[in-house]
Every structure is written in structure tokens, then in C-alpha cells.
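One structure is given below, encoded as C-alpha cells.
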Amino acid sequence: MLRFGKSAALLLTAGMFYVMPAHGQATRTWVSGVGDDVNPCSRTAPCKTFAGAISKTAAGGEINCLDPGGFGAVNIIKSMTISCPYTEGGALAGGNGITVNLPSASDVVFLRGLDIFGVNPPTNGVRFIAQGTLHIEDTTIRRFNAVNSQGISFQPSGAAELYLHNVTVAENGNGVTGGGILIQPTGAGGSARVVMINVRAHNNANNGLFINTTGNTAAAGIIVDIERSSFSGNTTGIAMTTPPATTSATALITDSTVSMNSGTGIVANGGTATARLNNSTVTGNALGLNPAGGSQINSFGTNRVIGNTDNGVFTGAVINPN
């Protein structure tokens, strides 16, 4: 009995210093309109918000929506996916709707099937800083309409890539500031590689798309590939500016429409800004094309620039598509 008592005492003492291991983060988590952020974010016990689920989701994991709901703003600091393609995945937000701030150039974030909606006081729908890769698919971003608000603000300080597929960006910006989509790398290390397919930038207060190298001195600059997209009802459809002579910006615009903007359809300003149009239409704008400051707006010879108050001009010879 004495021997048993000593053994029990030793086990009890050891138990006092034993700590149960923490529950690991899940590869897949869930949110629901009737969830609770104290839950583990499993399918049977979902969380209430994206912010509640992200801390319980492993790097490289995925957050899904079980049912329609408004799941709030979120700050993403690791590779992951938020995917709600089959139900209403709402993010009703004052300030920034979704902020992406990745620590590594190899980090990747997917945002899929979301409705990101600004409420007072809104800032940006999606705000990207730092580095890495962001994919936005099948998403609507609207009514971020405070001064300087952008639907998408892509301002990396390192090497970064942005892929937009089937995205609507509408009713953003205020007066002569802000707008639909801003591409503006910062500092000496920022660069942007952007692909936009089936993107609609409509009725934004200032620019539908603004490609801007102000504040950026990286030689890598900006390259934008635009396909099957529409920039309509804004003040300026597509604007490019490259104040630093060391930084370039190039946009290839294919099978797209720039129409009914109250100011200019496409403006390029600065000696290192180049827009190249292929099989695209520029119509119904106050001024169709405006190459300025030594910039270039080139044509592959298959475009339609017609029906603007002033059509403007292409720069230089027609590009041989071969």
C-alpha cells in the first residue's frame, strides 16, 4: 500500500507540470451567418466572421462560407484562400474591407466569390501592401466612396503580382480623388505584374484604372495585361503616369472597351508610360486618346476609336502584330 501511495503521489506531481498540447490550426475552416467566433470554425461549429476564422486557419489553408452572411473586414498576413463562390460571402466594411500584408514574396492569397461593400467611413475595398501574389476572382467591390478611396489599392513595397478574373469594381472614389483600381508600387523595391481578365471598372468617381509610378524608383516598374474588360462611366477610363524617369509602366489592352467616360478614355503621361491597344474600342468619351509628356499610345491596327467628342491620336507607327 505504501508503494502504491508513493507511485500515485509521483503521478500526481508529474500531472501538475503536464500541459495539454494546443489545438492545431485547421487546413479548412468555415463561417456562417449564425456562427460564433468562440467556435473552432469547423463545419459543424462555424465561426461568425472572417477575422474570427483566420486565426484558426493554418497558413496555406482555406476559409469557406456555409451560408449567406456578412462576415466583416479581415487582415490577411499569411498565404490562404477565402472562397465563397456558391453563397453570399459579404464583407461589409468601414475602413479597409480586406487588407493583404504578406511577409514573403512567395506568399499567395486567393479571394473568391465575395461581395465587398463599403460603409461609412470606407477606405479601400481591397488594400494590398508589402509583397507576394493576390488573386481576386468572381468578386464585386463597390461603394468605397470616401475621399481617396479605391476599390482595389495595390501598392506593394516589394515584388508583387495581381490577378483579377471576373471582377466588378464600381461606385468607388469621391469627386476628383480615388477611383476603381490603383496600381502603384512604392519605394525602391516595389514592382507590379498585373493580369486583368473580364474586369468591369464602372462609374467610379475618378479613374477606372490608375497606373501610377509616383513614389516608386524600382527599375522593374509595372506591366499590366488587360483582356476582355470594360472601363466605362468613370471620369477617366484608364490613366497612366510615370513621373520618375527610371521607372516604366506598360499596359497591353486587348479585346476591351473604354467608353462613356466623362473625361478621357485613355491618358498616358510621362516618357516611360506606354499603352498598346489590340482589337479594342474607345468610344463615347469626351477625349478618346491623350498621349502626353512623351508617352506612347500605340495601335496594333485593329482598334476602333470613334464617336468621341475628340478622338485624339495614336502615337507613332502602327505596330506589326507579327
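Kindly list, by first and then second residue, each pair from a residue in the stretch 286-309 that is on the phi > 0 side of the Ramachandran plot and among the aliphatic types (A, V, I, L, M) to a residue that is buried (at least 21 other Cβ atoms within 10 Å of the Cβ) and assigned to a loop (DSSP other than H, G, I, E, B), limited to pairs with Cβ atoms under 7 Å and residues at least 6 apart or on different chains. Once the first residue is on the phi > 0 side of the Ramachandran plot and among the aliphatic types (A, V, I, L, M) and sits in the stretch 286-309, no partner that is buried (at least 21 other Cβ atoms within 10 Å of the Cβ) and assigned to a loop (DSSP other than H, G, I, E, B) comes close enough.
All told, T246 meets the bar of being farther than 21 Å from N278 by Cβ and modelled with pLDDT under 95. Residue count for the stretch 284-322 under the criterion of being surrounded by 18 or more Cβ atoms within 10 Å (Cβ to Cβ) and within 17 Å of G263 (Cβ to Cβ): the result is 12.
Would a scan of the stretch 99-116 turn up a residue that is part of a strand (DSSP E or B), closer than 21 Å to T242 by Cα and touching a Phe, Trp or Tyr at 6+ places or on another chain (Cβ under 8 Å)? No, the stretch 99-116 has no match at all.
Checked against the criteria, S229 counts as under 24 Å from Y163 (Cβ atoms), hydroxyl-bearing (S, T, Y) and at pLDDT 95 or above. With respect to the stated conditions, E88 fails to be surrounded by 15 or more Cβ atoms within 10 Å (Cβ to Cβ), among the charged types (D, E, K, R) and at pLDDT 95 or above.
Taken over the stretch 183-241, residues that are more than 14 Å from the chain's Cα centre (by Cα) and not polar (S, T, N, Q) amount to 23.
The values are calculated or read from the model by the stated rules, or taken from the named source; none is laboratory data. Predicted model only: the values in this text are computed from it and were never measured. Virtual Cβ from ideal backbone geometry, glycine too; neighbours counted across all protein chains shown.
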